1. With viscosity set to 1.306 mPa s and temperature to 10 °C, compute the Stokes-Einstein D of the stretch 97-161, Rh being the Kirkwood radius across alpha carbon pairs; µm²/s, no decimals.
2. What is the Cα coordinate range of the chain on the first, second and third principal axes, sorted by size from largest, in whole angstrom?
3. Between ALA167 and LYS314, what is the FRET efficiency for a Förster distance of 41 Å, r being their Cβ-Cβ separation, to the nearest 0.05?
4. Which FRET efficiency, nearest 0.05, do SER65 and GLU39 yield, Cβ-Cβ r, R0 30 Å?
5. Per residue of the stretch 162-173, what does 6.51 cos²θ - 1.76 cosθ + 1.60 with θ = phi - 60° give for ³J(HN,Hα)? Whole Hz please, x for Gly and Pro, Karplus curve as stated.
6. For ASP55 and ASN141 in one chain, what is 0.36 nm times their gap in residues minus the Cα-Cα distance, to one decimal in nm?
7. Once you've got the GNM for the chain with C-alpha springs shorter than 10 Å, pick whichever of GLY24, GLY265, GLY51 has the biggest mean-square fluctuation.
8. Can you give me the Cα centroid spacing of the stretch 4-18 and the stretch 52-111 in angstrom?
Amino acid sequence: MLTLITGGAGYIASVVALSLLENGYNIVIFDNLENGHREIIDALKKIEAKGKVVDFMEGDLREQSDISAAFSKHKIDIVLHFAAHIQVEESTQNPQKYYINNVCGSMNLLGAMLANSVDKIVFSSTAAIYGEPESVPIDENHRLAPINPYGWSKFIVEKILNDYEAAYGLKSVSLRYFNVAGADRHTRIGEWHEPETHLIPNILAAINNQERIFQIYGDNFNTRDGTCLRDYVNVEDLADAHVFAMQYLLDGGTSDCFNIGTDEGYTVKEVLDACEKITQKKIEKIIVKRRAGDSAMLVADSQKARKILNWKPKRSLEDSISSAYKWYLKAVK
Ligand code: UFG
């Protein structure tokens with residue numbers, strides 16, 4: 001059994017890779033190291049686990065020959081597809097970058113899968129495909145209406161996956177992640193983006209650097225305190241969801257999509273308070289204008305994943321902040 005992980009040198013994919021190794025899966029990692037890090041691959045290779053990193057292939061999904069080479073070299077059974085650009089605001093400024101990488105890159109991957117008769121894929125989708133929801137929590141039947149090119153790029157790939165199932169029998173699970181947070185509990189792997197744009201790492205950076213003032217992007221949203229409301233799901237819980245989704249497909253499950261969230265929302269101000277409490281440090285903050293592409297509220301209804309995949313989140317927002325802080329002090333500072 002061999003699993004191909006695209007984008008495996010990035011934050012979420014590498015924590016999932018670690019979990020697969022611990023669960024006895026052998027993996028091949030494909031990453032162009034544009035946003036991923038070689039140090040993460042080295043860390044994964046060093047970890048003693050039941051499964052092995054069989055190979056790391058440096059390659060770019062935008063090059064058909066790069067991804068085809070991975071399938072020629074290895075007999076892949078299933079693909080976990082993470083590789084993508086992920087910044088909502090950047091996607092509004094440079095949609096071309098997002099559509100070429102996220103959509104064309106995915107099509108090259110799917111082309112290589114079809115050519116090599118690999119018919120199972122778990123796709124990293126996003127809550128951003130719901131856009132500005134009519135109400136929260138959001139279940140999978142909510143209308144899909146992205147409000148930024150990042151969300152559209154993931155929406156389009158979900159549509160392509162549906163069409164490929166109908167035409168070619170490709171089986172897929174799309175996991176619609178809400179806001180992913182935290183690090184590996186043993187602090188071996190954690191969040192590392194350059195530049196960092198995400199809420200919790202930015203708060204932790206400001207807490208540890210008195211010269212940085214934390215910016216809250218808007219306090220005039222229609223939420224309980226005016227700041228954006230999000231559902232923060234722990235990255236190790238998300239890794240469990242991938243293991244269950246893979247097993248579901250390997251057991252003959254039909255193509256489907258699942259929300260992966262905790263079903264609880266926290267505002268930016270509430271996350272700030274929680275970070276101050278956990279780190280026991282105060283943070284300087286200012287309100288600035290809204291960031292382009294931000295929805296006011298995204299909170300999951302994840303009952304479908306709980307019922308069909310047998311998944312449930314086990315860790316709280318506080319757990320995620322604590323593990324993220326340990327990781328920050330060890331690796332990022
Ligand atoms: N925020 C701030 N200041 C910061 C950083 C973030 O106020 O310095 C706010 C944002 O405006 C937003 C919230 O904190 O309201 C969360 O922002 P993140 O950048 O951490 O996450 P996003 O909600 O923008 O996006 C994340 C992923 C996407 C995914 C989405 C789904 O990056 O890939 O969650 O909910 F689509």
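A short reminder: the numbers here are calculations on the coordinates, not readings from a lab. As the structure is a prediction and not an experimental result, all values here were calculated from the model. With ideal geometry, Cβ positions are generated from the backbone for all residues, glycine too; neighbour counts draw on all protein chains shown.
1. Rounded, D is 124 µm²/s.
2. Result for the chain: principal-axis Cα extents of 54, 43, 38 Å.
3. Values: r = 38 Å, r/R0 = 0.94.
The pair ALA167/LYS314 has a calculated efficiency of 0.60.
4. Efficiency, rounded to the nearest 0.05: 0.65.
5. 4, 5, 6, 5, 4, 8, 10, x, 5, 9, 9, 10
6. Values: separation 86, 0.36 × 86 = 30.96 nm, distance 3.87 nm.
Separation in residues times 0.36 nm, less the Cα-Cα distance, equals 27.1 nm.
7. Judging by the Gaussian network model, the answer is GLY24.
8. 12
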